[in-house]
Amino acid sequence: MIANNLRPYQPTHPGEVLKDEIEFRGISQRGLARQLGISYSVLNEVLNGKRSLNTELALLIGAALDIEAAPLLAMQNDYNIQIAESNPSFMEKLKQLRKLAAAL
């Protein structure tokens with residue numbers, strides 16, 4: 001197997017990375033939320049992986065922390081794909097759809 005094709009056993013939500021970053025910098029979640037102009041609960045849910053990181057929030061956080069938004073959004077996309085692929089019923093639906101598409 002090629003190393004670039006490996007996937008982590010547990011997908012990593014970008015909120016986990018951001019949470020570590022703001023803790024390392026000594027920034028409070030409430031203070032950051034206030035600076036971003038969003039509610040604390042929205043930021044906290046993203047940081048705890050309970051809410052997806054959207055484009056606007058990634059850009060806001062990127063500006064506040066001086067980091068690029070694109071890698072965070074790519075991480076969110078990878079996370080979403082891995083979660084979908086871990087759902088057996090969804091994967092069965094994809095399998096059936098691929099069979100139908102191959103018959104066309």
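The values are calculated or read from the model by the stated rules, or taken from the named source; none is laboratory data. The structure presented is a predicted model; accordingly, all values stated were derived computationally and were not measured. No Cβ is skipped: glycine too gets one built from the backbone with ideal geometry, and neighbour counts run over all protein chains shown.
Listing for the model above:
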| quantity | calculated |
| --- | --- |
| Test: residue in region 19-40 that is free of Cβ contacts under 8 Å to residues at least 12 places away in the same chain, of a type in the set (Ser, Thr, Tyr), surrounded by 12 or more Cβ atoms within 10 Å (Cβ to Cβ) and assigned to a helix (DSSP H, G or I) | yes |
| When residues of region 41-84 are limited to those that are exposed (fewer than 15 other Cβ atoms within 10 Å of the Cβ) and of a type in the set (S, T, N, Q), the one farthest from the chain's Cα centre (by Cα) | Ser41 |
| Those residues of region 1-22 which are out of contact with any helix residue (DSSP H, G or I) (no Cβ under 9 Å at 6 or more places or on another chain) and at pLDDT 95 or above, in sequence order | Asp20 |
